[in-house]
Amino acid sequence: MKIQNLSIALILTLTFVFSCKKSETVVTPKTKTELLAGTVSKTWKNTKAQATNAQGLSIDLVISQPICIVDNLIIFFPNKIYEFREGATKCNPADPDLLLKANWSFNATETQFTIDKISFLGKEYNNTTFDIVELTENIFVGKTTLAVNGVTYQFAATFEPVK
């Protein structure tokens with residue numbers, strides 16, 4: 001009787017073990033658009049910006065700007081629109097919250113990113129293309145070349161998402 005009960009318990013245990021299937025979760029990697037703009041929108045803050053001229057003179061644009069500039073936010077939307085907005089502090093309380101609204105796009109291979117309008121050191125630039133150095137859930141790094149007052153600068157910017 002003991003062996004029969006043990007056999008039944010063993011059969012039930014084996015049946016249970018082999019009948020349980022692991023639930024398979026398929027994780028689809030996010031597209032570059034989803035990484036940059038989320039599914040509705042995604043807000044980023046510039047945490048590092050470096051401009052270097054041909055002579056090697058380098059300027060840290062985050063440290064050298066007042067907080068009312070460096071706390072500004074950029075919001076990307078999946079419909080290829082972006083907004084540049086005031087952060088928590090304003091240089092002038094009368095400034096609007098929305099500083100700039102324009103379009104963005106990836107090139108065909110999604111290795112470059114173009115914005116149709118950007119404001120940099122008080123000047124407006126059109127159709128500026130950035131090489132994408134890194135783009136993940138937690139960081140966006142891009143590099144471009146800009147001419148400011150006749151001087152060409154290599155510009156690198158790092159953004160982190162606002163949580």
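Taken together, the values in this text are just the output of simple stated rules run on the coordinates, not laboratory data. The shown structure was predicted, so the numbers you read here are calculated from the model rather than taken from an experiment. Using ideal geometry, Cβ is built from the backbone for each residue, glycine included, and neighbour counts are taken over all protein chains shown.
Can you say whether residue 82 is in contact with a helix residue (DSSP H, G or I) (Cβ under 9 Å, 6 or more places away or on another chain), of a type outside the set (Gly, Ala, Ser) and either surrounded by fewer than 16 Cβ atoms within 10 Å (Cβ to Cβ) or in a strand (DSSP E or B) (or both), as far as the supplied structure shows?
yes
Taking only segment 57-76 into account, find how many residues are touching a strand residue (DSSP E or B) at 6+ places or on another chain (Cβ under 8 Å) and either part of a loop (DSSP other than H, G, I, E, B) or not small (Gly, Ala, Ser) (or both).
11
I need the full set of residues from segment 126-163 which are surrounded by fewer than 16 Cβ atoms within 10 Å (Cβ to Cβ) and farther than 23 Å from residue 41 by Cβ, in order please.
126, 131, 143, 145, 147, 148, 149, 150, 151, 152, 154 - these are the residues of segment 126-163 that are surrounded by fewer than 16 Cβ atoms within 10 Å (Cβ to Cβ) and farther than 23 Å from residue 41 by Cβ.
Would you mention how many residues in segment 125-154 are touching a Phe, Trp or Tyr at 6+ places or on another chain (Cβ under 8 Å) and aromatic (Phe, Trp, Tyr)?
The qualifying residues number 2.
Just one of 147, 102, 54 is out of contact with any strand residue (DSSP E or B) (no Cβ under 7 Å at 6 or more places or on another chain) and among the aliphatic types (A, V, I, L, M); which is it? Spell out how you get there, then give the answer.
Working: 102 fails: out of contact with any strand residue (DSSP E or B) (no Cβ under 7 Å at 6 or more places or on another chain); 54 fails: out of contact with any strand residue (DSSP E or B) (no Cβ under 7 Å at 6 or more places or on another chain).
Answer to the selection: 147.
Give segment 68-102 a look and list any residue that's closer than 14 Å to residue 41 by Cβ and of a type in the set (A, V, I, L, M), or say none.
The first filter runs over segment 68-102 and keeps only residues closer than 14 Å to residue 41 by Cβ, leaving 73-85, 98, 101.
73, 74, 75, 81, 98 - these are the residues of segment 68-102 that are closer than 14 Å to residue 41 by Cβ and of a type in the set (A, V, I, L, M).
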